[in-house]
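I have placed the structure first, in the form of structure tokens, so that the comments after it can refer back to it.
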């Protein structure tokens, strides 16, 4: 049996408490040697740390029905990506690159192949982590948000204001807005450093630190 490392929820910070490292702990465990029909052995390459995970640290109220809370002493799960090392699932083979929104935070895992989505590394020129960012859930959220709710009209000389502009979705939404034809994109974030990055590196024309009075 293969020895693995895993991250489990050690304690809860309270509904409004700030998470601390002590809320988690590392453990060692073992994987079963043989796979059952439909199962896949995966090796973790990338894990995504997202804001919604804070809600899953609460005991009951995560604010959404489809997102259950993590259980104390259980392995943390979230967006992840890795490679298939062994498979008894008809649609997945060894060396396939796969992802899931319920990826266990451990070095290796045996999971039901039905929860995995096969990826094409050529789509991101081999930069696999992009599947958890710009080509993943944050990118899709940003694209749909701008196109369905942003009402950008090319040539209309509009200004787009993005709240939470330094976050994974906010940064992408601003760039998508420009590509869609909005000439001025202004970001709102919480530090001067984030404002500087938005303007100097991300392409925003201006940024506002909402924590300042002026």
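The values are calculated or read from the model by the stated rules, or taken from the named source; none is laboratory data. Predicted model, so just to flag it, every value in this text is computed and none were measured. Neighbour counts run over all protein chains shown; Cβ positions are idealised from the backbone, glycine included.
Here is the figure for segment 27-62: residues that are loosely packed, with under 11 Cβ neighbours inside 10 Å, touching a residue at least 40 places away in the same chain (Cβ under 8 Å) and assigned to a loop (DSSP other than H, G, I, E, B) total 3.
Of all residues in segment 181-214, those satisfying the criterion of being surrounded by fewer than 18 Cβ atoms within 10 Å (Cβ to Cβ) and assigned to a loop (DSSP other than H, G, I, E, B) are 181, 183, 190, 191, 203, 205, 210, 211, 212, 213, 214.
Residue-wise test of (1) assigned by TED's automatic domain parsing to the domain that holds residue 197; (2) in contact with a strand residue (DSSP E or B) (Cβ under 7 Å, 6 or more places away or on another chain); (3) in contact (Cβ under 8 Å) with a residue 60 or more places away in the chain; (4) over 30 Å from residue 210 (Cβ atoms).
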{"site": "105", "(1), (2), (3), (4)": "no, yes, yes, yes"}
{"site": "114", "(1), (2), (3), (4)": "no, no, yes, yes"}
{"site": "146", "(1), (2), (3), (4)": "yes, no, no, no"}
{"site": "154", "(1), (2), (3), (4)": "yes, no, no, no"}
{"site": "162", "(1), (2), (3), (4)": "yes, yes, no, no"}
{"site": "168", "(1), (2), (3), (4)": "yes, no, yes, no"}
{"site": "176", "(1), (2), (3), (4)": "yes, no, no, no"}
{"site": "183", "(1), (2), (3), (4)": "yes, no, no, no"}
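Among the criteria (1) modelled with pLDDT of 95 or more; (2) in contact with a strand residue (DSSP E or B) (Cβ under 8 Å, 6 or more places away or on another chain); (3) under 30 Å from residue 100 (Cα atoms), the one residue 150 does not fulfil is (1).
Each row is one residue, and each column tells you yes or no for (1) surrounded by fewer than 19 Cβ atoms within 10 Å (Cβ to Cβ); (2) assigned to a strand (DSSP E or B).
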position	(1), (2)
84	no, yes
91	yes, no
95	yes, no
114	yes, no
118	yes, yes
122	yes, no
126	yes, no
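Checking each residue in segment 65-82 for being over 25 Å from residue 31 (Cα atoms) and either without any contact (Cβ under 8 Å) to a residue 12 or more places away in the chain or surrounded by 19 or more Cβ atoms within 10 Å (Cβ to Cβ) (or both) picks out 65, 66.
Against the criterion of being farther than 19 Å from residue 41 by Cβ and outside any loop (DSSP other than H, G, I, E, B), residue 155 does not qualify.
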